[in-house]
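**Student:** The following block contains the structure, expressed as structure tokens.
What follows draws every value from the coordinates through simple rules; no lab data is involved. Quick caveat: nothing in here was measured; it's all calculated off a predicted structure. Reconstructed Cβ throughout: ideal geometry from the backbone, glycine too, with neighbour counts over all protein chains shown.
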Amino acid sequence: MKFSYKMGLSCLALLLLAGCSVPPAVSSSTPVESGPVPSAVPAVAEQEQQVESANTMPLPQQGHSALTGLASEIAGERPVAVMLYNTPKALAQWGIADASVLVEACSEGQSTALMAVYESVHQLGKVGPVGQGRDQLAQMVLPLNAILAMVGRDFYTNQLLNYYDWQPVDGTYVGTLGFEMDPGRATASSQQYSWSTRTDLLNQSLAQYGQTSQGQPHSLFLFGEAKADNKQGQVLTIQYGSQRATQLAYRKEQNAYQMMYKSGESWVPQTDANRAPGEDAVYLDNVFLLMGASGYKDNGVTRQFDFEEGVGVYLHKGSMQPILWKKGQADQPLRLYQMDGTELTVQPGKSYIGLYGGWEGQGIWLSDEQGVAVELPQQPAPLPTPTPSPTPEPTPEPTPEPTPEPTPEVTPVPADVAQPAPAPEGEATPAPQPEVTPEPVVEQPQPETPAEQPAQA
């Protein structure tokens, strides 16, 4: 697995440095595969992204953001969702403090992936390190008709994109047309954690795919004045796995939640590498923990999160509300409710959304202003674990028995055939001469056919 992953990264690096062009758009009948693509793919005429959403959320109030509910001069623009690596080697990330929404989930293993969502492609500074596409995260922004940026994707993400005919901007294909390697990060960490994107690069990629950045998204939440009638939402700690724990701690000075992560035994601020030290902390106005039934997909490795419905908590201004949530299919929007079934009003501002499955090794803790633990809603029952098709043991090849040497048949001499006369006495009988074995014909080695050189981009 490690060998193939490193080989894939090497191919990706060569591909990105070659600056190759993009393949045809994703289709549901032709799965996308990694690898070199033809360099002469003409750009098609600009057209709207072909993702038909079942979004029933209202459009944002005129002059306001669909992601934050705050006043905004950006109108009629598709949001941009960038997949980010979130492992210690990938920190500090570029551009996360400017994101309108951050979504975090454990997709595989014991760490998490992060998705940063922005108002528009025209809002982007340097964003990265760009990571693989993950279907749990992608399902959160499909109803927003978002531009999805990634470098590579797993099987399940690819199936999701194919099914909904959703064309991402993937560095595996667009290369340096859409992504740039940071040499300092590549030296200090690795090339895997060194790719970023920005406004001009994404615009080039969209033009190559024949897509437009224009499109009116529906509101992410129902924004309005939210009640804050308690002090029970001070510090939320989410143990996503043995390699990742996130903490959202309320800071009165900012009237917002600071994003932290655990490093050893200490809590460390998650920071934005684009900003100067002391100004690089990440603050969010709203925090949502969505608890849902979870398990594994049929490969036994990738996490499965049931988006049908669940429970959770909503934190803002230091207060806490238990909530219900519903979503359903990938193209359907997230709907939030109070415990009495009425729709939840969300305070305008930036938001953090954590997807929590509650499998072994995970845990959540919430404390109030005095540091006293606050009771959380009961976690939904886990999903049944699918049984992967058993892989049969390889059948050992039988060892062939040694073939006995054939016994030459003795042909009897007919009685009527005269036998050679014995040699006269005193005449020497010539010794039998051995058969001459012809020399084997040695084929002359043919010159190797030179390997076909890849087309120059």
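**Student:** For segment 300-319 and segment 349-364, write down the distance between their C-alpha centroids in whole Å.
**Tutor:** Here the answer is 6 Å between Cα centres.
**Student:** Sticking with this one: Taking a 26 Å limit on the Cα-Cα distance, which of the listed pairs Lys297/Lys327; Lys126/Lys350; Lys327/Lys350; Lys126/Lys252 fall beyond it? Let's see the in-between values first.
**Tutor:** On the way: Lys297/Lys327 19 Å; Lys126/Lys350 19 Å; Lys327/Lys350 21 Å; Lys126/Lys252 29 Å.
Long pairs (Cα-Cα over 26 Å): Lys126/Lys252.
**Student:** At 7 Å along Cα-to-Cβ for each site, give me the label-to-label distance between Ala276 and His122 in nm.
**Tutor:** Distance between the two pseudo-spin positions: 2.9 nm.
**Student:** Taking amide H atoms as placed 1.01 Å from N in the peptide plane, list the residues 5 or more away in sequence, or in a different chain, whose amide H sits under 5 Å from that of Ile323.
**Tutor:** Answer set, sorted by chain and number: Gly312, Val313, Tyr314.
**Student:** If you don't mind, another one. Express in nm, to one decimal, how much length is gained between Ala188 and Tyr337 on full extension, taking 0.36 nm for each residue of separation and deducting their alpha carbon distance.
**Tutor:** Using 0.36 nm per residue and subtracting the Cα-Cα distance, I get 49.1 nm.
**Student:** Here's a follow-up. Can you compute 3J(HN,Hα) from phi for each residue in segment 251-263, using the Karplus curve 6.51 cos²θ - 1.76 cosθ + 1.60 with θ = phi - 60°, rounded to whole Hz and x for Gly and Pro?
**Tutor:** Rounded to whole hertz, the list is 10, 4, 4, 8, 6, 8, 9, 8, 8, 10, 9, 8, 10.
**Student:** Something else: What's the FRET efficiency of Thr345 with Leu70 using the Cβ-Cβ distance as r and R₀ = 25 Å, to the nearest 0.05? Mind showing how you got there, number by number?
**Tutor:** Values: r = 15 Å, r/R0 = 0.59.
With a Förster radius of 25 Å, E is 0.95.
**Student:** Once phi is turned into θ = phi - 60°, what whole-Hz ³J(HN,Hα) does the Karplus curve with 6.51, -1.76 and 1.60 give for every residue of segment 361-378, x standing for Gly and Pro?
**Tutor:** x, 9, x, 9, 9, 10, 10, 8, 4, 8, x, 7, 5, 10, 5, 10, x, 6
**Student:** Here is a further query. Report, ordered by chain and residue number, the lysines lying within cross-link reach of Lys262, taken as a straight Cα distance under 17 Å and ignoring same-chain residues fewer than 8 apart.
**Tutor:** Counting by Cα, and skipping residues close in sequence, Lys262 has these lysines nearby: Lys89.
**Student:** Also, quick follow-up: Between Asp200 and Gln329, what length in nm is gained on full extension when 0.36 nm per residue of separation is reduced by their alpha carbon distance?
**Tutor:** 43.1 nm
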